[in-house]
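A.B. asks: This is the structure I have questions about; it appears just below.
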Amino acid sequence: MVENRPWLTLLAHVVLTFGVALVAFPVWIALVASTHEPSTFLSGVVPLWFGDNAYDSYATMLSAGISTSGAPPVSGMLFNSMVMAILIAVGKIAISLTSAFAIVYFRFPFRQAAFWMIFITLMLPVEVRILPTFEVVAGLGLLNSYAGLTIPLIASATATFLFRQVFLTIPDELTEAARIDGAGPLKFFKDILIPLSRTNIAALFVILFIYGWNQYLWPLLITTDDGSYTIVAGIKRMAEVAEADPQWNFIMATAVMAMLPPVLVVLLMQRLFVKGLVETEK
Amino acid sequence: MAGISIDRVSKVYAGGVSAVREVSVDIPDGAFAVLVGPSGCGKSTLLRMIAGLEAITSGDVTIGARRVNDLDPADRDIAMVFQNYALYPHMSVRENLSYGLRNRKTPKDEIARRVQAAADILQIGPFLDRKPRALSGGQRQRVAMGRAIVREPAAFLFDEPLSNLDAKLRVQMRAEIKQLQRRLGTTSIYVTHDQQEAMTMADKLIVLNGGVIEQEGEALDIYRRPATTFVAAFIGSPPMNLIDARVAGGRLLVGSAVVADGVGMADGAVTLGIRPEDLEPGGGGLDLTVDFVEEMGAERLVHGLHEGQKVIVTLPPDYPLGERLRVTAPGDRLHLFDPATGRRLDA
């Protein structure tokens, strides 16, 4: 459709610009705040340009943390978050791939029932079952561990449905050709299905990595030890100092560093993702 | 190398639908057998049962001397070429060809040798490192054949392999497939719905309809002596004219016209079959009102009506046509069928 209505174009641009500003402004404030003295933000006037304290804020947070508010160094928390996000993304993808494989390619009793049981886990995210799940995890002695952080979040095959749909689009003849070529079920899974779902796996990894990275409530609940804090939950602990003013420059520096890994994952994976979307032929 | 024997094989699906009924056929070693029939006649089901992709409800399939009913497709020593090629899209042509061999733990140098040999035969050498999507339809078809050849199996199974190609390429590929099969001497079963493809390729033609074999034999024999009205109408293009007729006092009558005399058959209704190319102008046979004419270039197809019954006649392209046309056929080119059962009467 070719249209030439200058006012409409202008309006569209105004709306879009406003939207971008709305999203970007808080990020900007965080970036700016992380470069000022702790006191600057408490004066009531929010600066809009960088200060000269950037090195101090970031170096302190990365190496030492703020002991007064019980915040460990950011580097450790970043590492914990990274491990958690990767374990959740990889775990969920592994579970979903195998369960979708079973449901699509094998005839077993109660196959449909199994599928719907898996599907129902979509309705039971951790937040809904948080108390019983905490009870179970505590009972198993998994508090303050990566296992405790990730397993309850992995245990829902969110992406089974997605992979089921992907597998259903793979022509039967391809499966049959592989059977005639002597590929057993696992070989077929490894040599044909996984390479053909590569792009979907990449897309899902991006989504699940961010999901895992942004986990807040669950890590807050089950990590009680400095060494196992994750960064998103850690920010909250910093802001909640008891008898002092929050040190906004440090908090904001942490927030900026917490934002970086998801951004990097999106940027890096996007290339694979788009390349994959172009190659649609199966 | 091995013959294939199918003994009273049936396929009944879970819903009780019977796709193949008690089919028995022997395919000698090295023969090119073609299963032909309209869609839904059970030809693909039969092929898939031979391949092992479909369970056999009853009966036996033997390849060579082995009963293969309970063997996996991979253990039956067959290779299959699919309608949509079924090439692995993420593998290069070379990987596509060697995948089956790698799964069978064939030594690397042996794989390389066979892939190279197949690539030479099929002239796909230049594409070995491309992905299937970078190939044209005909090239993909060749790769699919190559995947079958490298395996050096006891039998090739083809499931309508040419139906995705355009008409010109199809004619070319069917000649190539036939030549290739001659050269390799591998027993082959080829499924198609295209009777022309079936006629031109088959050493042994098997016409299926409704899950049973209507007729089997050499293509020309079937063409010359169709056993049923179904085969008569299915094999040959344009199809054989099937006309309601009757025998009365030794004379064969279509409406009021006498088509033949001295028919040694009891009086009663018959179905008369005449191929369009066997009808010649002149004589005192059928009196046609010309309905319309299809110009084929090399010949013209005249669609006419004889007392309300449709008749097609093949005539030379320059034959002068009027409103009416009288045609007759030599006595030995008339086929008589029982109108109730459709079976040939002079079998």
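A.B. asks: Rank by packing, highest mean first: peptides B:295-304, B:118-127, with packing defined as the count of other Cβ atoms within 10 Å averaged across residues.
C.D. replies: Peptide ranking by packing, descending: B:118-127, B:295-304.
A.B. asks: Provide the packing ranking of B:318-326, B:264-272, i.e. peptides ordered by the mean count of other C-beta atoms within 10 Å per residue, highest first.
C.D. replies: B:264-272, B:318-326
A.B. asks: Given only helices, namely DSSP H runs of n ≥ 4 each adding -39500 (n - 2.57), what is the per-residue ellipticity at 222 nm of chain B, to the nearest 500 deg cm²/dmol? If you can, show how the numbers build up before the last one.
C.D. replies: On the way: 8 runs with 86 residues, N = 347.
My calculation for chain B gives -7500 deg cm²/dmol from helical runs alone.
A.B. asks: Please give the average number of partner chain Cβ atoms lying within 10 Å of the Cβ of each residue in B:76-89, rounded to a whole number.
C.D. replies: Across the residues of B:76-89, the mean count of other-chain Cβ atoms within 10 Å is 4.
A.B. asks: In peptide A:169-176, how many Cβ atoms from other protein chains are near each Cβ within 10 Å, on average?
C.D. replies: 5
A.B. asks: Next question, about the same structure. A:L131 to A:W49: FRET efficiency via 1/(1 + (r/R0)^6), r the Cβ-Cβ distance, R0 60 Å, to the nearest 0.05?
C.D. replies: According to the calculation, E is roughly 0.80.
A.B. asks: Same structure again: Report, as an integer, the average count of C-beta atoms from other chains found within 10 Å of each Cβ along B:143-150. Can you show the working numbers first?
C.D. replies: Working: counts 0, 1, 0, 0, 3, 1, 0, 0.
The per-residue average across the peptide is 1.
A.B. asks: Return one whole number: the accessible area per residue of chain B in Å², for a 1.4 Å probe. Could the numbers behind the result be given before it?
C.D. replies: Working: 15120 Å² over 347 residues.
In whole numbers, chain B has 44 Å² accessible per residue.
A.B. asks: Nearest 100 Å² is fine: what is the total accessible surface buried where chains B and A meet, probe 1.4 Å?
C.D. replies: Buried area (both sides, nearest 100 Å²): 1900 Å².
A.B. asks: Something else now. Whole-Hz Karplus ³J(HN,Hα) for segment A:163-172, in order, using 6.51 cos²θ - 1.76 cosθ + 1.60 and θ = phi - 60°, x for Gly and Pro?
C.D. replies: 5, 4, 5, 4, 5, 5, 7, 7, x, 4
A.B. asks: Tell me, what % of the accessible area of segment A:6-281 is carbon and sulfur with a 1.4 angstrom probe?
C.D. replies: Carbon plus sulfur share of accessible area: 74 percent.
A.B. asks: Mean residue ellipticity at 222 nm from the helices of chain A, using -39,500 (n - 2.57) per DSSP H segment of n ≥ 4 over the full residue count, to the nearest 500 deg cm²/dmol?
C.D. replies: That calculation yields -21000 deg cm²/dmol at 222 nm.
A.B. asks: Could you state the accessible area per residue of segment A:6-281 in Å², with a 1.4 Å probe and every protein chain left in place?
C.D. replies: Each residue of segment A:6-281 exposes 53 Å² on average to a 1.4 Å probe.
A.B. asks: Can you list the residues of segment A:180-202 whose accessible area drops by at least 10 Å² going from the chain on its own to the full set of protein chains, with a 1.4 Å probe?
C.D. replies: The answer is A:I180, A:D181, A:G182, A:A183, A:K187, A:D191, A:I192, A:P195, A:L196 - residues whose exposure falls by at least 10 Å² when every protein chain is included.
A.B. asks: Please work out the Cα center distance from segment B:264-297 to segment A:85-107, rounded to the nearest Å.
C.D. replies: Value for the Cα centre distance between the two parts: 67 Å.
A.B. asks: Taking every DSSP beta bridge with both residues inside the protein assembly as shown, roughly what % is antiparallel (nearest 5)?
C.D. replies: 75 percent
A.B. asks: Tell me the volume per residue, in Å³, of the convex hull enclosing the alpha carbons of segment A:6-281.
C.D. replies: 197 Å³
A.B. asks: How much of the accessible area of chain B, in percent, comes from carbon and sulfur atoms when a 1.4 Å probe is used?
C.D. replies: Looking at chain B in its full context, I get 48 percent from C and S.
A.B. asks: Here is a further query. Using a 1.4 angstrom probe and counting only protein chains, how large is the accessible area of B:R251 in Å², to 10?
C.D. replies: 100 Å²
The values are calculated or read from the model by the stated rules, or taken from the named source; none is laboratory data. No experiment lies behind these values; they were computed from the predicted model shown. Here Cβ is always computed from backbone atoms with ideal geometry, including for glycine, and neighbour counts include all displayed protein chains. Only protein heavy atoms, including side chains, enter the accessible area calculation; ligands, DNA and RNA are left aside. Shrake-Rupley method; radii C 1.70, N 1.55, O 1.52, S 1.80 Å.
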